[in-house]
Amino acid sequence: MAKPIILTLDDDPHVLRAVERDLRVRYGKDYRIARADSGSAALELLAEWKRRGGVPALFLVDQRMPQMTGLEFLERASALYPDARRVLLTAYADTDAAISAINQVQVDHYLLKPWDPPEDKLYPVISDLLDDWQVAHQPAFDGIRVVGHQWTPDSHRVKDFLARNHVPYVWMDLLSNSEAQGLLALVEDAAPALPILFFSDGTTLANPSNRAIADRIGLQTIADQPLYDLLVVGAGPAGLAAAVYAASEGLRTLVVEEEAPGGQAGTSSRIENYLGFPTGISGGELARRAVTQARRFGVEILTTRRAKRLQVDGPTRVLTLEDGTTLNGRAVLIATGVSYRALQADGMPALTGAGVYYGAALGEGPSVRDQDVYVVGGANSAGQAAVHFARFAKTVTMLVRGASLATSMSQYLIDQIRGTANIRVWTTSEVRQAVGTDRLTHLVVTRDGGQRSETVEAAALFIFIGAEPRTDWLGEVVARDAHGFVLSGVEAIAPSPVPDGSAVPVPATPGAGRASTRMGRRISSSMWALRLPGMLETNVPGVFVAGDVRAGSVKRVASAVGEGAMAVMHVHQYLRDS
Ligand SMILES: Cc1cc2nc3c(=O)[nH]c(=O)nc-3n(C[C@H](O)[C@H](O)[C@H](O)COP(=O)(O)OP(=O)(O)OC[C@H]3O[C@@H](n4cnc5c(N)ncnc54)[C@H](O)[C@@H]3O)c2cc1C
């Protein structure tokens with residue numbers, strides 16, 4: 001198979017030769033290194049690759065060129081090859097241009113000239129970006145082929161699960177792909193349940209559960225050890241950060257994740273405000289890196305497993321999973337985040353997964369190509385999704401209940417939305433009904449604060465209307481606030497209102513009294529006779545909480561990561577003293 005291509009573009013022959021040489025030394029074995037000395041020459045190369053099937057993986061482009069600037073070239077190149085990684089080569093004086101380009105063209109990185117030594121300044125950046133690209137570009141025949149009907153909830157579930165676990169697959173729609181029909185004809189079952197997964201060894205799975213897919217592709221679903229130092233529930237940023245710190249400091253650590261590692265952050269098309277990633281990073285990529293890092297330190301990550309109960313058995317904290325399996329830990333971290341609130345409008349439940357999606361459903365980008373799509377919500381997550389889908393869809397309409405985006409969205413995103421021609425924002429508008437038989441076809445939308453109603457054609461609706469914790473599984477064991485968020489620190493054992501409206505006072509010696517919480521029952525207060533709970537500790541000694549699920553937390557990736565790391569410090573203290 002032909003090698004993927006790295007294209008370098010510079011009008012200065014000396015610089016061009018030097019970049020080409022450095023790239024060839026490190027990447028020449030696996031990539032073809034192509035070069036061009038002007039934007040127009042480079043565009044000719046792209047056109048030729050389009051005709052002959054060349055696959056560019058990365059463009060490394062000088063900004064300052066006479067006829068066509070690097071940015072202008074990247075803008076045109078990304079229309080042809082949206083997945084190729086884009087790096088701008090700039091002089092120090094052009095740094096500002098490079099930074100503004102990040103929003104304009106979504107440049108993946110900018111590098112300053114000179115880049116000596118390349119081992120420090122060039123290769124780490126290029127290698128990271130090529131790794132990212134590789135993940136999204138496994139050759140089709142190496143991956144799984146998924147055959148089914150586009151607009152069915154199970155097809156969406158399977159694609160989403162594979163994508164979020166970074167498993168390469170090719171989607172083949174039975175309606176439009178004759179090869180898909182040919183493959184289906186090979187299956188012995190006359191009417192197999194769809195979608196059906198074809199593996200490279202010739203085996204198939206018909207409409208498998210996520211657990212069955214996980215088992216088939218070798219994701220870990222069963223714990224190896226009888227007892228862990230730390231059990232982490234939830235593999236979002238908080239859980240993964242805790243796992244990395246815990247395992248790197250020698251704790252036997254197991255993470256239990258119901259869906260796929262990454263959590264909400266894993267569904268973000270581009271996180272732009274996480275420290276250390278000046279050009280932003282996709283949530284999927286951040287999750288992939290975190291998982292790699294955690295596994296390198298020996299963390300076990302169980303996917304497709306849901307924690308259903310937490311119990312205290314002497315010094316052991318016992319987690320029961322949905323199938324009754326129990327896991328034992330000396331300490332537990334609850335990092336289960338929050339999940340989307342359901343949109344209350346007619347027709348929603350029946351079309352969820354068939355055109356109506358909660359969250360970004362990033363993998364649906366290609367399926368909405370050249371169509372009209374709608375995004376509900378006015379916060380950053382909705383803004384990111386609108387910018388993401390604008391790369392594929394004909395139009396993206398944001399339906400915002402408030403009067404403007406300014407109160408709920410970061411300015412950088414508002415600027416990006418303003419600068420994207422095919423995004424329109426309808427403020428004071430709401431969805432009233434989703435219409436369609438097998439899939440979403442129309443939406444009934446009210447506008448101007450409900451004064452008029454409109455029926456619009458819609459290929460997809462992506463919903464981002466806030467979230468709530470799903471902590472019912474903690475039952476009476478762990479104290480939560482009225483909204484279900486987990487209480488921590490002294491608040492977790494503080495007095496709370498009792499039915500007559502008064503408050504049960506905190507005893508002078510914590511542990512000498514008993515207080516009820518609004519949700520969940522206090523664990524025997526005698527457990528707190530000798531010390532108070534740590535800052536991220538719940539009312540149950542040895543059970544900690546971090547990230548979005550914690551009452552009073554800041555709902556951000558950075559704070560989730562920070563709390564995950566901090567919780568490990570408390571875990572160490574607890575294990576040492578218990
Ligand atoms: C689309 C989108 C874009 C965003 N963009 C940004 C951004 O640009 N910048 C920013 O700072 N923040 C952003 N956020 C917010 C950020 O993603 C969250 O604050 C962060 O992910 C919280 O991390 P967490 O680990 O606490 O929880 P989560 O990310 O919610 O992870 C919790 C995990 O726990 C799992 N889980 C839940 N219950 C169970 C159970 N019973 N058993 C097993 N597993 C369970 C879930 O499946 C999930 O994977 C965005 C959020 C969304 C949805």
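Descriptive notes on the structure:
- For segment 422-493, the equivalent ellipsoid derived from the Cα gyration tensor has semi-axes of 39, 16, 11 Å, listed largest first.
- Using distinct alpha-carbon pairs, which all enter the 1/r mean, Kirkwood radius of segment 322-413 in Å: 15.8
- Cα-based Kirkwood hydrodynamic radius, segment 227-325, one decimal, Å: 14.1
- Across segment 310-315, computed HN-Hα scalar couplings (Karplus, 6.51 cos²θ - 1.76 cosθ + 1.60, θ = phi - 60°) run 10, 9, 10, 10, x, x Hz from first to last residue, x flagging Gly and Pro.
- Sorted on the mean count of surrounding Cβ atoms within 10 Å across their residues, most packed first, peptides 79-87, 481-489 read 481-489, 79-87.
- Relative contact order %, the chain, counting alpha carbon pairs below 8 Å whose residues are six or more apart: 10
- Debye log10 I(q)/I(0) at q = 0.16, 0.21, 0.22 Å⁻¹ for segment 1-139, Cα point scatterers: -0.76, -1.44, -1.61
- Average projection, convex hull of the Cα set of segment 525-574: 3.4 square nanometres.
- Listed peptides 353-359, 257-263 appear in the order 257-263, 353-359 once ranked by packing, highest mean of other Cβ atoms within 10 Å at the front.
- Accessible area per residue for segment 281-402 is 37 Å², calculated with a 1.4 Å probe on protein heavy atoms, without ligands, DNA or RNA.
- For segment 147-195, the Kirkwood estimate of the hydrodynamic radius, built from every pair of different alpha carbons, is 11.4 Å.
- When you filter the GluC sites (Glu not before Pro) in segment 163-256 for DSSP loop state and at most 14 other Cβ atoms inside 10 Å of their Cβ, you are left with 188, 249.
- Couplings 3J(HN,Hα) for segment 36-43, derived from phi with the Karplus relation 6.51 cos²θ - 1.76 cosθ + 1.60 (θ = phi - 60°), are 8, 9, 7, x, 5, 5, 5, 5 Hz, where x marks Gly and Pro.
- If the Kirkwood radius is taken over C-alpha pairs of segment 157-246, then at 37 °C and 0.692 mPa s the Stokes-Einstein diffusion coefficient equals 208 µm²/s.
- 3J(HN,Hα) from dihedral phi, segment 240-247, Karplus parametrisation 6.51/-1.76/1.60, rounded to Hz, x for glycine, proline: 5, 4, 4, 4, 4, 5, 5, 5
- Considering only 194, 345, 357, the residue lying farthest towards the positive end of the dipole of the chain is 345, judged by Cα position with unit charges set on Cβ.
- For residue 463, the residues whose amide H sits under 5 Å from its own are 357, 358, 359, 376, ignoring neighbours fewer than 5 places away on the same chain, with H placed 1.01 Å from N.
- Whole-percent carbon and sulfur share, accessible surface of segment 80-229, 1.4 Å: 54
- Heavy-atom accessible surface of segment 233-374: percent carbon and sulfur, 1.4 Å: 49
- The alpha carbon convex hull volume per residue for segment 418-459 rounds to 69 Å³.
- Accessible area of segment 422-484 belonging to carbon and sulfur atoms, whole % at 1.4 Å probe: 42
- Principal axes of the chain: Cα extent on each, largest first, Å: 80, 58, 56
- Rounded to the nearest 10 degrees, the inclination of helix 70-80 to the longest alpha-carbon principal axis of the chain is 80 degrees.
- Helix 557-577 and the long axis of the chain differ in direction by around 40°, with both axes built from C-alpha atoms.
- Take each peptide in 531-538, 290-297, 199-206, count the other Cβ atoms within 10 Å of every residue, and average; sorted highest first, the result is 531-538, 290-297, 199-206.
- The shape of segment 88-232 can be summarised by an equivalent ellipsoid whose semi-axes, obtained from the alpha carbon gyration tensor, come to 41, 23, 14 Å from longest to shortest.
- Values of log10 I(q)/I(0), in the order q = 0.22, 0.23, 0.24 Å⁻¹, for segment 68-142 under a Debye, Cα-only, solvent-free model: -1.06, -1.12, -1.17
- By the rule of a C-alpha distance below 26 Å, with chain neighbours fewer than 8 residues away ignored, the lysines paired with residue 121 are 3, 29, 113.
The values are calculated or read from the model by the stated rules, or taken from the named source; none is laboratory data. Here the structure is a predicted model, which means the values were calculated and not measured. Ideal geometry is used to build each Cβ from the backbone, glycine not excepted, and the neighbour counts take in all protein chains shown. Accessible surface areas use protein heavy atoms only, side chains included; no ligands, DNA or RNA. Shrake-Rupley method; radii C 1.70, N 1.55, O 1.52, S 1.80 Å.
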